[in-house]
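Taking it in order: structure first as structure tokens, then the write-up.
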Amino acid sequence: MKKILFLILLATIWNVTLAQDSNNHKDTRPLVNLNLNVFGDASVFSINFERQIVLNHTLILSTKLGLGYNQEFLIFDDDPEQYFTLPHHLTLNIGKTRHFFEVGIGGTLMPGNIFHPYVLYPIVGYRILPLRTKKINFRVFGEVPVSGYDNVNVIFVPFGLSIGISL
């Protein structure tokens, strides 16, 4: 009987220890990022605020809002039109610990004298997320506009690179 009680106690302690480890990992992950994007998001560059919501140990929902810059791409014009951009996205990140596959949808608003001021695009990417605050995060992603890209003179690069810090 003592052996059975000892095994039950040992199994309980083992289970509690594993549960604490998984919860600590979930609770300590930084959920706010400040990033600089180069290309992508219908911007030449943008500064973005990103908030993440941990759904479970392999799924993270990511929301982003940014301020960026774009301009017309004209070969023989010395004074291209410049645009202020508002990129944003909602993505689901699937992975473990630091490495995640990203899939979602994004859009960019370009207010001003432009035919379609809103570009909508699906996003596929790869990201590295730190487990502690004040560490570097990295993201590379691709996107192809599905609507609103009748603005042939605006620079749209179908991939982007993002680097930032987790707060």
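The values are calculated or read from the model by the stated rules, or taken from the named source; none is laboratory data. Since we're looking at a predicted model, the values are computed, not measured. Glycine gets a Cβ as well: all are built from the backbone with ideal geometry, and neighbour counts include every protein chain shown.
Applying the selection to segment 39-53, what residues are within 14 Å of E143 (Cα to Cα) and at pLDDT 95 or above?
Within segment 39-53, no residue meets the criteria.
Among the aromatic types (F, W, Y), in contact with a strand residue (DSSP E or B) (Cβ under 9 Å, 6 or more places away or on another chain) and farther than 30 Å from T28 by Cα: is that true of F73 in this structure?
Yes; evaluated as a whole, the condition is true for this residue.
When you go through T85, T63 one by one, which is the residue that is in contact with a Ser or Thr (Cβ under 9 Å, 6 or more places away or on another chain), surrounded by 15 or more Cβ atoms within 10 Å (Cβ to Cβ) and among the hydroxyl-bearing types (S, T, Y)?
Criteria check complete, one pass: T85.
Does F115 satisfy the condition of being more than 13 Å from the chain's Cα centre (by Cα), closer than 27 Å to E72 by Cβ and among the aromatic types (F, W, Y)?
yes
Being crowded, with 16+ Cβ neighbours inside 10 Å and closer than 18 Å to E72 by Cα is the filter; apply it to segment 129-154 and report the residue that is modelled with the lowest pLDDT.
This residue is N151.
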